[in-house]
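To start, the structure under review is shown below, and the notes come after it.
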Amino acid sequence: MNNNVKRFVSFLAAAVCMLASLNIVPADYFIADAADTMTAFEITENMKIGWNLGNTMDATVSEPDPENPKKSVLSAHAGVESETAWGCPKANQTLFDALKAKGFNTVRIPTTWFQHLDENDNIDPEWLARVKEIVDYGIKNDMYIILNVHHENWINRGDLVDAYDEIKPRLMKIWTQVAEEFKDYDQHLIFECMNEPRAAGQPHEWWAAEAVPECDVINKLEHDFVDLIRSGDGPYAKTRLLMLPGYCASAETQFLEAIDVPNDPYVAVSIHAYTPYDFTMNTAVKDHSVFTSAYSANLANILQGMRDTFLDRDIPVVIGEMGTSNFNNTEARVAWTTQYFTTAKKYGIPCCLWDNNTVTNPRDPGECHGYIDRETGEWHEASLPIINKMMEIMDDESIQWASERHIPTVQHQAYEEGTEFLAGPYELDASLDKEYKNTTPGGDGEVEWSQLKGKEVAIKFTGSTPLLCFSDAKYGGWTEVKPYDIDKENGIAYYNMAKVPDAWGDDPTTIAHMQAKTPKLTTVESINILEAPEGDIPEPEATAKIAKIKFAGMDRANGLEVTIEGEPNTSLNGCLGFMKGDDWTQIEWKSKTDADGKLIVTIPLEEVPATVEQGEFQIWSNFDKVDIKGYREIAAVAEQPTEPATEAPTEPATEAPTEAPTQPATEEPTQAPTEALQPITTPALEPTVVGDTNLDGNVTLADALAILQYIANSKKYDLEDQALANADTFDGTDGITAMDALAIQYVDSKQISASALPVKSLG
């Protein structure tokens, strides 16, 4: 940069600071009129869809470590140049105009402050002026702006549990200055107290019951924050929406329940929900091509937890960060987006899409959250279908905003009028599962199905919401049921017995034990059996088609054959699932029906322990287009028995198995995913014409091109099963590779004959 340019930049910076000090803003932006004051829920509805200016104002600057020059440490101070420190261009009005034109009505501006403070925690005027300039980009477009405190290492620290007295003064000093700077901005400006406060570096940083003491610290700081903002003298001090995150802004219900929401009509809970993590970001999961039923059930549970915990109590919720990384799985991402935004709209939750300006990154594919060219305002092709789907849902008048904000009302029999099954109290602790202190006693809880049929079970409890569990006389066939309704005011969870036979999957008269189980910490006061409510009981929508499988008597050296019929050429996937000890285990499969709509899936039984007597065959994708006709045991060799298949139920399941493992919905969960097992497909097809990949009857360069396109992007350039069989022209490699395309090029150049395919070597 030459000296003239430097002087010009310095002059602009000084001018910005001078204008900021004069606090000049168009008068018509910020007129305080009580008649125009919005309620908190009116604000969240008007926010519509949000977008995050990620990796920009929240970027930090590092420098060489004086003690080890090969390493770097965070700098104590940084200037406005930190805005581009992580590779993103400077924010500009063009970007905000493009966001508004597309339909975004909210921009969250994550902002880091600690590198822009002096020794007395005064904010650098030049930095504050730049923050204000970016805020105004959105305000000029009549957009809602969320301003926060982000990436602060003095908050996210290992000793958070003991750091309240140290954190509070600095946090209050920052917010005092920010509130004063923006005091005349109307309700379009929203303050978010912190980002993801947590015990950084601790084993429970992202996920553990041990974070309860840290939750108490966070609650105290956020109460202080609300008190501070409300004590201001600006015209919107009492009506500005304030967003409050829980521990690490987690979406998991047990963390949501730990948030102590202040008694204030203008506060909203702030939640981050990259969920389910295995689908959205987890690079340990190799295949992200299908948004499965299990993923769908997990997402439904997470969003329902927000509704049940806060919205039903008339406390607004804002999902401040969410999104799914680009794994070249656009179709699956659109399916995820459809469920996410449809449900969020019905609940009345505005969602803010995370954008870190990264479209692709082979080294870290789990962090590809780039949607828009920030300099030109053009949308990236890879993610544009996701954006279009969001806007389509928001514009769909058949999906009403907040139409399902409250839990459906069910009239239950009075608890005390029911039949007492178990009297407590029992203190349950999930960490004491090895000592069997995570459930109520089984010996005192013997039950017969005749006591439960046509009834509902109610558990009076405090703490985490319990599961209701069933087992046979030997504690086998363990089955867990979630409540369909919760009376939070009185601490009663209700469980529908009409659904137990489906979950049990066998003769329910073999049920002998009924116990309550805690997911964390629960005190079970008592369990009563009530008369079932009249009318329809609300149940979650089907997310899979499931057939119960009886393994008893099957030779584990053999296999399981499942017959499926439905619409022709329908892509399907799913699993054979069962309990292996205390863990849900699943053998995944993927295939599609043939031209007649038929499919036979064959799965080896060697992974199923001999002690396992039953399991589930599940179809996840397109399950509404097919039926499971039956199953049977087959010999391990090609010769198969001829006895008729056992009839299997074909009605859709209402939810995925409750034992299926889930992931924390934070940015960096540490819980390991279920190990992916070898997919099972139907027997391989014999090639009709080796090399004829495009199925035109000839072997030409067009076939080589089809192979290369498939290798580059199998989702976009998918090949039929017969085409894949024909494409395997180079013997001795695994799957379809560039060598298969090269072999066809050898045919085209007359170096080998098409009749010589497949070949074992070239050249």
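Here are the numbers for the structure shown:
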| quantity | calculated |
| --- | --- |
| Order of 551, 623 - criterion: other Cβ atoms within 10 Å of each residue's Cβ, fewest first | 551, 623 |
| Counted charge near residue 310, where neighbours are those whose Cβ lies closer than 13 Å (Asp, Glu -1; Lys, Arg +1) | -1 |
| Cβ crowding within 10 Å averaged over residues, with 598-605, 335-342, 429-436 ranked highest first | 335-342, 598-605, 429-436 |
| 5 angstrom amide H check on residue 144, placed H, neighbours 5+ away | 106, 107 |
| Rounded to whole Hz, the Karplus (6.51, -1.76, 1.60) HN-Hα couplings of segment 416-432, x for glycine and proline | 5, 7, x, 8, 5, 9, 8, 10, x, x, 10, 8, 10, 9, 4, 6, 9 |
| Rounded Å value of the spacing that divides the Cα centres of segment 192-240 and segment 273-338 | 24 Å |
| Share of alpha-carbon pairs per 5 Å distance bin for segment 458-611, given as whole % | 2, 7, 13, 16, 16, 15, 12, 9, 7, 3, 1, 0 |
| For residue 268, distant residues with modelled amide H under 5 Å away | 242, 243, 244 |
| Under 20 Å from residue 629, Cα to Cα: lysines that are on another chain or at least 8 residues apart | 545, 548, 550, 590, 592, 598 |
| ³J(HN,Hα), Karplus 6.51/-1.76/1.60, whole Hz, each residue of segment 397-411, x for Gly, Pro | 5, 6, 9, 8, 4, 6, 5, 10, 5, 9, 5, x, 7, 10, 8 |
| Sites residue 360 and residue 84, calculated FRET efficiency, Cβ-Cβ separation with R0 35 Å, nearest 0.05 | 0.95 |
| Ranked list, fewest to most other Cβ atoms within 10 Å of each Cβ, for 296, 464 | 464, 296 |
| Segment 96-219 - Debye-derived log10 I(q)/I(0), Cα point model, q = 0.10, 0.12, 0.16 Å⁻¹ | -0.38, -0.53, -0.85 |
| Peptides ranked, highest mean first, by Cβ atoms within 10 Å: ranges 196-203, 73-80 | 196-203, 73-80 |
| Percentage of interatomic Cα-Cα distances in segment 415-531 larger than 24 Å | 17 percent |
| J(HN,Hα) series, segment 352-366, from Karplus relation 6.51 cos²θ - 1.76 cosθ + 1.60, nearest Hz, glycine and proline x | 10, 5, 7, 9, 10, 6, 10, 8, 9, 7, x, 6, 8, x, x |
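Each reported figure results from applying straightforward, stated rules to the coordinates on display, with no laboratory input. Worth saying up front: this structure is predicted, and the values here are computed from it rather than measured. Here the Cβ is made from the backbone with ideal geometry for all residues, glycine too, and neighbour counts use every protein chain on show.
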